[in-house]
Amino acid sequence: MSTSNQQFDVVIVGAGSAGIAAASSILKRDGAVKIALIDPSDDHYYQPGWT
């Protein structure tokens, strides 16, 4: 795990469909918001029917 002193306005845990949708919705309202997405996986796989 790396440490960082970056600051974010919003932290979203989980970069699946819901996390991405939440980030997208927030950015549509205010494009200047700094968002951190936290997810254990480096890749996201589209899995219709699982969410």
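The slack between V33 and Q6, meaning 0.36 nm per residue of separation minus the straight C-alpha distance, is 8.4 nm. In a reduced charge model with +1 at each Lys and Arg Cβ and -1 at each Asp and Glu Cβ, the chain shows a dipole moment near 200 debye about its Cα centre. The slack between A21 and Y46, meaning 0.36 nm per residue of separation minus the straight C-alpha distance, is 7.7 nm. For the chain, taking Cα atoms only, Rg and Dmax work out to 12.4, 38 Å respectively. Only DSSP H runs of four or more residues enter the estimate; each adds -39500 (n - 2.57), and after division by the residues of the chain the mean residue ellipticity at 222 nm equals -8000 deg cm²/dmol.
Quick note: the coordinates plus some simple rules give every number you see, no bench work behind them. What you see is a predicted model; the values in this text were computed from it and never measured. A quick note on method: Cβ atoms are made from the backbone with ideal geometry, for glycine too, and the neighbour counts reach across all protein chains shown.
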